[in-house]
Amino acid sequence: MSTAAKQAKFRYDVVTDFDHLEEIVALQKAVWGEDVVTSLPQMVAANHNGGVVIAVFDDNNGRMAGFCYGFPGFSELSDKPYLCSHMMAINPDYQNQGLGEQLKFEQRKWGIAYGYEKIVWTFDPLEARNAYLNLCKLGAYAKTYIESVYGEMKDKVNIGIPSDRFLVEWDLHSPTVTVAADGRRNVQTEWKDYQKLVNIQWQDGIPVPDSLNHIGDGPGHLLPVPANHRTIIESAPDVVMDWRMTIRHAVQKAFAAGYRIVGILRDPSIAHYVLVQNRQTRENRKNAIDQ
């Protein structure tokens with residue numbers, strides 16, 4: 001982090017002018033490479049049709065520190081249109097300052113003002129740090145797993161691994177999100193006692209997925225994931241691929257059994273996704289027992 005970034009004061013603005021949109025295109029290329037870029041015309045079209053581009057600026061020098069971009073969507077997820085938050089990036093010089101979190105809450109504020117009740121986006125299940133932002137800091141959840149959603153990606157972050165993603169749902173007026181907007185983290189004490197879905201072994205200090213445990217009827221389960229898979233991918237790409245396939249299989253079974261992902265517990269080397277039963281699943285099982 002640069003000295004200027006440490007001392008910066010930031011402002012958040014909706015971006016519509018071409019100069020700043022061109023800066024966003026350049027920032028995307030710097031973060032992901034040439035192959036994964038939302039174009040200026042696409043962002044302009046979204047701005048004119050229910051979408052939004054929001055950027056954060058360093059007030060010391062006017063430099064753009066990050067952005068998020070979304071467009072309207074409609075699907076079986078909701079009977080109303082929602083905002084699809086397609087991209088967010090923070091300039092490496094300004095990371096680890098909470099700018100991504102604040103960008104999302106600025107997006108929430110804008111969405112509520114324009115009548116949206118839900119924002120959705122995708123993220124890589126192997127990205128435990130991103131998961132903590134989405135689930136624990138923002139209060140979102142996931143109950144949909146999409147295999148290879150972007151096909152074979154060749155950018156410098158995703159190359160060589162199937163582009164599986166969680167589809168995150170952010171219910172803007174929910175109690176969990178309202179609490180998160182006040183700065184309180186979505187972490188529950190009982191989570192640590194849940195049963196683990198996948199056993200792991202350690203090989204040369206690297207966590208390796210092993211056998212899959214039975215998905216029972218308990219209130220929740222824990223699904224392990226490397227705390228930082230990017231430190232593993234260069235030395236042990238096969239292990240990262242094993243994690244991709246193991247998480248895919250375990251999550252799809254859990255979602256089919258009526259669970260959703262609501263949080264993540266972090267440790268230095270291994271993290272654990274928290275899966276809990278959907279409310280309707282709990283009610284159905286209770287009714288079956290009562291009968």
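Amide H to amide H, with H built 1.01 Å from N, VAL198 comes under 5 Å of ASN213, counting only residues 5 or more places away or on other chains.
Kirkwood hydrodynamic radius of segment 9-49, from the reciprocal of the average inverse Cα-Cα distance over all distinct pairs: 11.0 Å.
Probe of 1.4 angstrom, ligands and nucleic acids ignored: what's the accessible area per residue over the chain, in square angstrom? Mind showing how you got there, number by number?
Working: 14390 Å² over 291 residues.
With all protein chains present, the chain gives 49 Å² per residue.
Counting only heavy atoms of the protein chains and using a 1.4 Å probe, ARG260 has close to 60 Å² of accessible surface. Legend: residue pairs LYS9/LYS109; LYS80/LYS104; LYS29/LYS192; LYS80/LYS137, Cα-Cα distance threshold 29 Å; pairs beyond threshold, LYS29/LYS192.
Given 0.36 nm per residue, what is the gain on full extension from ASP238 to THR178 after removing their alpha carbon distance, in nm?
Details: separation 60, 0.36 × 60 = 21.60 nm, distance 4.06 nm.
Value of the extension gain: 17.5 nm.
When each pair of different Cα atoms in the chain is counted once in the 1/r mean, what is the Kirkwood radius in angstroms, to one decimal?
Details: mean 1/r = 0.0494 Å⁻¹.
Across the chain, the inverse of the average 1/r is 20.2 Å.
The amide H of THR144, built 1.01 Å from its N in the peptide plane, has LEU167 as neighbours under 5 Å, considering only residues 5 or more places off or on other chains. At a threshold of 8 angstrom on Cα-Cα distance, excluding pairs fewer than six apart, so keeping six or more, what relative contact order does the chain reach in percent? Relative contact order, the chain: 14 percent. Couplings 3J(HN,Hα) of segment 13-18, computed from phi: 9, 6, 10, 10, 7, 5 Hz, in residue order, whole Hz [Karplus 6.51 cos²θ - 1.76 cosθ + 1.60, θ = phi - 60°; x for Gly and Pro]. Database remark: amide H of GLN188 closer than 5 angstrom to no amide H (H placed geometrically; neighbours at sequence offset of 5 or more, or on other chains; Pro and chain starts carry no H).
To put it simply, the accessible area of the chain at a 1.4 Å probe is 48 percent carbon and sulfur. Rounded to the nearest Hz, the phi-derived 3J(HN,Hα) couplings of segment 165-171 under the Karplus curve 6.51 cos²θ - 1.76 cosθ + 1.60 (θ = phi - 60°) are 9, 7, 9, 8, 10, 10, 7, where x marks glycine and proline.
Based on DSSP, what percent of beta bridges with both residues in the chain are antiparallel, to the nearest 5?
Working: 49 of 53 bridges.
Beta bridges within the chain, antiparallel portion: roughly 90 percent.
The values are calculated or read from the model by the stated rules, or taken from the named source; none is laboratory data. Nothing here was measured: the structure is a model prediction, and the numbers come from that model. Accessible surface areas use protein heavy atoms only, side chains included; no ligands, DNA or RNA. Shrake-Rupley method; radii C 1.70, N 1.55, O 1.52, S 1.80 Å.
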